[in-house]
Structure formats: structure tokens, C-alpha cells
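Visitor: Here it is, the structure in full.
The values are calculated or read from the model by the stated rules, or taken from the named source; none is laboratory data. The model shown is predicted, which means the values in this text are computed figures rather than measured ones. Here the Cβ is made from the backbone with ideal geometry for all residues, glycine too, and neighbour counts use every protein chain on show. Keep in mind that these areas ignore ligands, DNA and RNA; they rest on the heavy atoms of the full protein, side chains included. Shrake-Rupley method; radii C 1.70, N 1.55, O 1.52, S 1.80 Å.
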Amino acid sequence: MFVTTKLWNTEHAYNRALRAFDASLSGLGLQYIDLYLVHWPVFRQDRYVEAWRALEKLYTDDRVRAIGVSNFTVQALGRLIDETGVVPAVNQIELHPGFPQSDLRAFHDEHGIATEAWKLLGRGEELLKNPRLRAVAEKHGRTPAQIVIRWHIQLGNLVIPKSATQSRIAENAAVFDFTLEDSDMSETGLLNSGERLDEDPETV
């Protein structure tokens, strides 16, 4: 088991962040958390650096094994690094073939930040019915969802597919015995619409 939890937007003050972590740890009944994330930067309240310093304290005290962020932009990441000198282990972001976030992923690579994708299948049914994607799936004898998950893995993304169905969970995990060719990766990349499907970090 690898347990991740997050600091919510209303808890960005330093001491409140520490108390929020204590509440999460108690609620989970654990001795430590594997990964603790600042959920959104919340630019309007402008306290995400203060929140990050609280996470640094938790890391220094060995109460969390790794610290990171979620939904942070290049601007927010740059400020964290410049002002604290501590690079997040991971940035968990909306990322799918329709919204591949190439510039942000390049920044992650430059600074050694792992990219973790959420909403990795886009709008689900809409993406998975795309003719280009279905053609790649048929070529490999796989489902469209498996092709998208494999696309993420070959890009170097961490993926967190969500399902409560046992057969779907097994399907999502069966992506390590085949490889997409460069042409398949390019074909999947052509699905890029530049459209964000969920909330924009600039306005949350």
C-alpha cells in the first residue's frame, strides 16, 4: 500500500496545515503518510508557499516520506523552488491525450519532478470511442483504455486509473506486456485538443 493524501485549500496557513496533517494521520490510523500534497495553489489567497513550508517541516520530522503538489503551474512551481529551494517530488495534474501539458511536463523533467496524471482517460467514453484511438487498440488487440494508459507510461507519467469494477481494475493493470510504436504514440498525440476538462488552477 502507498498512501497519498492532500492538504485542502482552506488550510494553507502554516499552523493550520500542520493541524490538518495531524487530522488526516489520525483519521487514517497511520504512523506516517507516504506522500502528502498541496491540493491546489489557490493563487487568490497567495499562501501556497507558506503551506509548502509546513510540508517541509513534516518531511524533516519524518512524518511523511515525500511531499509534492497537485495542479501546480510552471509559475507556481518556479516560485516554490526559488523561495524555498525544495523541489516537489511530484505534481499531480490533469493530463490525457486531449490535454497532454507538454510545457509543464518539460519543466518537470528539467527539475526532476514526477508527473502524475489524473483524469488520465479524459472524458472516458468520448475519448475511448475516438476512431484514431480505436484503430491503435485494434492493431494491438487491446482496449482503448489500455492504449491510453500505456501512452501515459511510455511518456513517463505516473497513472492513477480509477475503477470499482474488478474486471476493469485487472484490465487497467494489464499494460506491461506490450509496447506502443513511435507511430502509435504520434497517433495518440494527435488527439490533443488543448482543452482542459476540469477546473483551471489559475482560477480555483
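Visitor: Looking at Ile169, is it free of Cβ contacts under 8 Å to residues at least 40 places away in the same chain and of a type in the set (Val, Ile, Thr)?
Guide: yes
Visitor: In region 73-97, which residues are open to solvent by 10 Å² or more (accessible area, probe 1.4 Å), within 16 Å of the chain's Cα centre (by Cα) and over 20 Å from Thr5 (Cβ atoms)?
Guide: Those that are open to solvent by 10 Å² or more (accessible area, probe 1.4 Å), within 16 Å of the chain's Cα centre (by Cα) and over 20 Å from Thr5 (Cβ atoms): Thr73, Val74, Val87.
Visitor: Hey, another quick one. Hey, any hits in region 123-145 for a residue that's over 20 Å from the mean Cα position of the chain (by Cα) and under 25 Å from Leu35 (Cα atoms)?
Guide: no
Visitor: Going by what's in this entry, would Thr4 be described as hydroxyl-bearing (Ser, Thr, Tyr) and out of contact with any strand residue (DSSP E or B) (no Cβ under 6 Å at 6 or more places or on another chain)?
Guide: Judged against the criteria, Thr4 is not a match.
Visitor: Additional query: Just one of Val136, Val204 is outside any helix (DSSP H, G or I) and hydrophobic (A, V, I, L, M, F, W, C); which is it?
Guide: Working: Val136 fails: outside any helix (DSSP H, G or I).
None of the others qualify; the one that does is Val204.
Visitor: Which residue, of Glu83, Glu171, Glu110, is over 25 Å from Leu35 (Cβ atoms) and either part of a helix (DSSP H, G or I) or of a type in the set (A, V, I, L, M, F, W, C) (or both)?
Guide: Glu171
Visitor: Which residue is farthest from the chain's Cα centre (by Cα), if the candidates are limited to region 160-183 and must be at pLDDT below 95 and surrounded by 15 or more Cβ atoms within 10 Å (Cβ to Cβ)?
Guide: Per the stated criteria, the residue is Glu171.
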